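For reference, the structure is listed below as structure tokens.
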Amino acid sequence: MSSTLQFTAISGAHNEDAVCYLLEIDDARILLDCGSYEDYSGEGLARLQRIARQVDAVLLSHPDMAHVGAYPLAYAKYGLTCPAYATQATHMMGALCMQDASKTLAAREEFTLFNEKDVEAAFDNVTPLQYSQPKALPGRHSHIVVTAHAAGHTIGGTIWTINNGAEDVLYALDYNHTKEEHLRRC
């Protein structure tokens, strides 16, 4: 089986911008993270807006602004309503991070990009996964299986493997390879 792979940086490739990448594997378009910082500016958001409706799945790797900061905006305003996946901890802490960001931004300025209800709706769309739990994408992309692995960089942080039956793609953006002792393995 012949595969086609294409990796496109939406933001975060050549500087310290928040991260958002598009992986095209066969005919599936998978968004790898959906980050933004609190200023919500930059060409990355414009590129995200252009592709959001065409994305088939989102994989969120860490529960901070750099990895999930644009997710509520893309879900509420850009049409990014495809399935999304994260570990339970990234799902829960990412939602808390974005609820806090929404409240903080609304208190400081006229912030209308998204609100707390948008954050709740976006994170209600995220399917929480356990580490090492393979998950086939739905529908016509069911031959593609994603699996979360412990990244060690943050609680719930994830290294993703994406497999289409012929190729394995490893998305390992932020990770810690040293043994950690702050939490016992579950």
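Quick notes on this structure:
- Near pairs, Cβ below 6 angstrom, 6+ apart or cross-chain, from region 22-49 (of a type in the set (D, E)) to any residue that is surrounded by fewer than 17 Cβ atoms within 10 Å (Cβ to Cβ) and part of a strand (DSSP E or B): E24/Q6
- Any hit, region 84-100, residues being in contact (Cβ under 8 Å) with a residue 60 or more places away in the chain and more than 16 Å from the chain's Cα centre (by Cα): no
- Listed by position, the strands (runs of 3 or more DSSP E) enclosed by region 138-186 include none that has at least 3 residues that are of a type in the set (S, T, Y), at pLDDT below 80 and within 25 Å of N125 (Cα to Cα).
- Candidates are the residues of region 13-51 that are aliphatic (A, V, I, L, M) and surrounded by fewer than 16 Cβ atoms within 10 Å (Cβ to Cβ); the one that is nearest to L170 (Cα to Cα) is A13.
- If the condition is being outside any loop (DSSP other than H, G, I, E, B) and open to solvent by 30 Å² or more (accessible area, probe 1.4 Å), then region 127-137 contributes T127, P128, P134, K135, A136.
- Members of region 40-77 found to be more than 12 Å from the chain's Cα centre (by Cα) and of a type in the set (G, A, S), listed by number: S41, G42, G44, A46, A52, A76
- Any hit, region 6-28, residues being part of a helix (DSSP H, G or I) and not charged (D, E, K, R): no
- Cβ-Cβ under 8 Å pairs, at least 6 apart or on other chains, region 106-126 side farther than 23 Å from T87 by Cβ and open to solvent by 80 Å² or more (accessible area, probe 1.4 Å), far side assigned to a helix (DSSP H, G or I) and at pLDDT 95 or above: none
- Per-region count, region 59-83, residues open to solvent by less than 10 Å² (accessible area, probe 1.4 Å), in contact (Cβ under 8 Å) with a residue 40 or more places away in the chain and closer than 17 Å to I159 by Cα: 5
- Sole residue being open to solvent by 20 Å² or more (accessible area, probe 1.4 Å) and under 23 Å from L23 (Cα atoms), chosen from Q54, Q99: Q54
- One residue stands out in region 29-58 among those that are in contact with a Lys or Arg (Cβ under 7 Å, 6 or more places away or on another chain) and part of a loop (DSSP other than H, G, I, E, B): the one that is farthest from G139 (Cα to Cα), namely V55.
- Any chance A86 is among the hydrophobic types (A, V, I, L, M, F, W, C), assigned to a helix (DSSP H, G or I) and open to solvent by less than 10 Å² (accessible area, probe 1.4 Å): no
The values are calculated or read from the model by the stated rules, or taken from the named source; none is laboratory data. Quick caveat, the model's predicted, so the values are computed rather than measured. Glycine gets a Cβ as well: all are built from the backbone with ideal geometry, and neighbour counts include every protein chain shown. The accessibility values were calculated without ligands, DNA or RNA, using every heavy atom of the protein model including side chains. Shrake-Rupley method; radii C 1.70, N 1.55, O 1.52, S 1.80 Å.
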